[in-house]
Every structure is written in C-alpha cells, then in structure tokens.
1. Just to be sure, is residue B:180 closer than 18 Å to residue A:66 by Cα, touching a residue at least 60 places away in the same chain (Cβ under 8 Å) and within 14 Å of the chain's Cα centre (by Cα)?
2. Among the residues of the stretch B:1-36, which ones are under 19 Å from residue B:123 (Cα atoms), part of a helix (DSSP H, G or I) and in contact (Cβ under 8 Å) with a residue 12 or more places away in the chain?
3. Yes or no: the stretch A:27-41 includes at least one residue that is away from chain B (no Cβ under 14 Å) and either modelled with pLDDT under 50 or farther than 24 Å from residue B:92 by Cα (or both).
4. Look through B:91, B:109, B:85, B:125 and report the one residue that is facing another protein chain (nearest Cβ under 9 Å) and either acidic (Asp, Glu) or touching a strand residue (DSSP E or B) at 6+ places or on another chain (Cβ under 8 Å) (or both).
5. Somewhere in the stretch B:11-18, is a residue within 11 Å of another protein chain (Cβ to nearest Cβ) and surrounded by fewer than 11 Cβ atoms within 10 Å (Cβ to Cβ)?
6. Could you grab the pairs with beta carbons closer than 7 Å, sequence gap of 6+ or different chains, first residue in the stretch B:130-156 and surrounded by fewer than 20 Cβ atoms within 10 Å (Cβ to Cβ), second one aromatic (Phe, Trp, Tyr) and part of a helix (DSSP H, G or I)?
7. Filter the stretch A:30-67 for residues that are in a loop (DSSP other than H, G, I, E, B), buried (at least 18 other Cβ atoms within 10 Å of the Cβ) and away from the ligand (no atom under 13 Å from the Cβ) and give the result.
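The values are calculated or read from the model by the stated rules, or taken from the named source; none is laboratory data. Bear in mind that the values here come from a model prediction, so they are computed numbers and not experimental data. Note: ideal-geometry Cβ built from the backbone for every residue, glycine included; neighbour counts use all protein chains shown.
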Amino acid sequence: MTDDQRPPGQGVDRGGGSAAGGALGCEDAMKSVFEYLDGELPPNYSERVRRHIEMCKRCYPYFNFEQAFLDYLHDRGVKPARSDRLEERLRTLLGEVDTEEAEGCD
Amino acid sequence: MSEKREGFEAEALIHLDGLYGLALRFTGGDDAAAQDLVQDTMLKAYRAWDNFQSGTNCRAWLTTILRNTFINDLRRTQKRPVPVEFDEVAERPIYPQLQGTDPEGRFFERIVDEEVIRAIEELPEDFRVPVVLADLEGLGYQEISELLEIPVGTVKSRLFRARRRLQQRLYSYAVEMGYIRRGE
Ligand SMILES: [Zn+2]
C-alpha cells in the first residue's frame, strides 16, 4: 500500500481506533468520509467505518449530509444544454464527411 | 440520407444536448471551447461509426471520446499550471454550521440548477476537472489519476478541496437568498 492509498489516521492511534482493526474513533471516521462514500477505502477499513457510523450519533447524520450533497451535485450537475447553432453546424459537417467518403469510394 | 447517417442521427446525435452540457462543465462554461469539443467528438464518432456496435451504450461511448479529446487538448495546451492557493475558510466543511438547523441538507434542493452549474464551472481548472470526472461522470480515483497523469493522492486532495469550495459557495448563496440562516 502506498501512502496515497492509506486511509487517513490508519496506524495512528487517536484514542478511539487501533491499528489492529478494533473500534474506530469519530475523528478517523470523519476524516475518511469522502473516501468512504466514494467506495474508495480498502474493504476492511471501510467495514470499520461502517460499523462506527452505524452506532455513532455524531457521525451518522454527518455522513448522511455529505451523501446528500454528493447526490445533489450529481443530479444537478449533469444538466444538458441546448444549442441550435451547434446542431446546425454539426449537420453541415456530417454532410461534408458524407460527401468526402462518397468521393473516396470512386 | 445514407444508412450510416440515419443510424448516427438516431443513436448518436440524440445525445447532443447531454454532451454539450458535459462539455460546458469541462471547459468551465467557455461556450466556444465547448462547441468545438462537441464538434470534434461527434466528427470522430461519425468517422468511427462502423466500429460502433449498434444497440450498445452509445452515450457512454460518446462520453469517453469527449473526455479523451478534452484531456488530450488539455495536455497539449497546458501552460504551467498555477497551483490553487489553499483557502482556510472556503475549504471548510459546512455541516457544523447546519447540524442544528438543517442536518439533512434540505436547503440544497431550493437552490436553482443554474447556481450549482455556475459554481462547478467557476472552479479553478485543477479542481473542476476532477469534480466533473468523479461527481458528474462517476469515475474512480485511480482512473482519474491515470487520465490526468497525477498521483492518486493529488486527485483526492483536489477533489475534496473542490467539494468543500462548492459547499461553501452554495451555503453562502443559500444564506444570501434567505433559505437558511447563517450558523455560528
Ligand atoms: Zn463518530
């Protein structure tokens, strides 16, 4: 595992967590919120985070909040846009490719 | 109209608006650049149309072409990237201010689409591109790291900082509009 992949706080005991795979503290859980929600944590670490937030009154609503934000970003961000000018220009260019290819066959 | 052209119009051209939206997000709202990007994408797709398996996911295929075209252009034209300065306030989580009043983030739903889109498009390029790839397109860190040729750790830090900036901006907007009251 490279440094890039190491979950934050892993191996550094901050009271609540132990490197051996025991209970995780709030600080460690919160630090990996995005990696957890993105599904990017190593499976065993992800499982420890899941176990923590399931029973933590502080972290559970926080993780829900960040998930709501990410869902919202995705839903609104992928909005299509319309341009008649672009479509028109594109149709002309496709026609040019058609002509070019038809000539190429001769 | 040729059979090829008919097939292309029916399966590919119908995704034009979706691709144009994505191109605008990638280019940070630069309309001319977005139009060029979509045009290049569609022309490449049309020339390669014989390789496309009809009935498979055409939108995904076009999106991949668009993404690769954009990233190649980015690499080609990249001036020395200006590192985005860390902004203590702009990159703080907003949850602590909301946990008493709106812990479920309902205020997000009241913000108009245009504001969210503007917020994404106005991010500095180094932040915007990872957000588009991860949050709009759903790519993983590793894939983004390979596409942009930057370490996974850099992908993560840019993505997380970008998300915080977006949150802060939407939060300020919502406060300004009176959707929520500023917490302490
Ligand atoms: Zn906790």
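1. In short, no.
2. Correct list: B:20, B:22, B:23, B:24, B:25, B:26, B:34.
3. no
4. Of B:91, B:109, B:85, B:125, the one residue that is facing another protein chain (nearest Cβ under 9 Å) and either acidic (Asp, Glu) or touching a strand residue (DSSP E or B) at 6+ places or on another chain (Cβ under 8 Å) (or both) is B:109.
5. No, every residue in the stretch B:11-18 fails to be within 11 Å of another protein chain (Cβ to nearest Cβ) and surrounded by fewer than 11 Cβ atoms within 10 Å (Cβ to Cβ).
6. B:152/B:141
7. Of everything in the stretch A:30-67, those that are in a loop (DSSP other than H, G, I, E, B), buried (at least 18 other Cβ atoms within 10 Å of the Cβ) and away from the ligand (no atom under 13 Å from the Cβ) turn out to be A:38, A:40, A:41.
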